[in-house]
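Engineer: Just dropping this structure here.
The values are calculated or read from the model by the stated rules, or taken from the named source; none is laboratory data. These figures come from a predicted structure and were not determined experimentally. Ideal geometry is used to build each Cβ from the backbone, glycine not excepted, and the neighbour counts take in all protein chains shown. SASA here: full protein model, heavy atoms, side chains in, ligands and nucleic acids out. Shrake-Rupley method; radii C 1.70, N 1.55, O 1.52, S 1.80 Å.
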Amino acid sequence: MAIEFYSALKERRSYYGINKDVQVSDERIKEIVEFAVQHTPSAFNSQTARLVVLTGEAHDKLWNITTDILRNVVGEGDFTGTQQRMDSFKSGYGTVLFFEDESIIKSLQGQFPSYADNFPIWSNQASGMHQLVVWAGLEAEGLGVSVQHYNPLIDDEVKKEWNISEDWKLIAQMPFGNPIAQPGEKEFQPLEGRVKFYK
């Protein structure tokens, strides 16, 4: 089990060349996402993570929305690189949207005022763990995955389009699909100076 866990983390990469030709069932994707939500830890067992999975037309619509918003931001500037990036995400099979329920965070801040400043930090940490679990799970099924952050630019349109609660804060977008281009070699900084051990 430990070998499989380490292998999943080691093999996890950011894939930008993906398409819709996946061999993984929607049921399996749902199982991975639900497993992550059920079993990933959160501070005070707050369970603030809220995930939305978009496939098919909904997935395409997300990246059309994002493209339109970014085009307005860029204005008359060169949009070529951004368009290529948007097209690469849209070419995938689906996207997982990661939200955090701020109503729970605010409730905990009220219940535990001495920790109030920490709850948003802990919420972001929990979201990061959820992202890693889903990422590794999808990658273990042979899918190409990356994590994107077009929030807060797209937040209002996303909430409007999919009737998302105002209490849910968008944290990240995770497009995934069948990998058609391999990522480059990983580069690592020396562990010396990054990890310390004391006895």
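Engineer: Report whether or not Asn124 is out of contact with any helix residue (DSSP H, G or I) (no Cβ under 9 Å at 6 or more places or on another chain), part of a strand (DSSP E or B) and within 30 Å of Glu31 (Cβ to Cβ). It would help to see each step written out before you state the result.
Structural biologist: Numbers: out of contact with any helix residue (DSSP H, G or I) (no Cβ under 9 Å at 6 or more places or on another chain): yes; part of a strand (DSSP E or B): no; within 30 Å of Glu31 (Cβ to Cβ): yes.
No, not satisfied.
Engineer: Out of all the residues in the stretch 80-110, which are hydrophobic (A, V, I, L, M, F, W, C) and either open to solvent by 20 Å² or more (accessible area, probe 1.4 Å) or closer than 21 Å to Asp167 by Cβ (or both)?
Structural biologist: Within the stretch 80-110, the first condition is being hydrophobic (A, V, I, L, M, F, W, C), and the residues that meet it are 86, 89, 96-99, 104-105, 108.
Matches in the stretch 80-110: Val96, Leu97, Phe98, Phe99, Ile104, Ile105, Leu108.
Engineer: Another one. Pairs, please: C-beta under 8 Å, at least 6 apart or cross-chain, first residue under 26 Å from Arg13 (Cβ atoms) and in the stretch 143-159, second open to solvent by less than 30 Å² (accessible area, probe 1.4 Å) and among the charged types (D, E, K, R)?
Structural biologist: Val145/Glu139
Engineer: Tell me, which residue of the stretch 157-193 that is among the acidic types (Asp, Glu) and surrounded by fewer than 13 Cβ atoms within 10 Å (Cβ to Cβ) is modelled with the lowest pLDDT?
Structural biologist: Looking at the filtered set, the residue picked out is Glu185.
Engineer: Follow-up. Please work out which one of (1) at pLDDT 95 or above; (2) open to solvent by 40 Å² or more (accessible area, probe 1.4 Å); (3) among the hydroxyl-bearing types (Ser, Thr, Tyr) is the condition Tyr6 fails and give its number.
Structural biologist: The one condition Tyr6 does not meet is (1).
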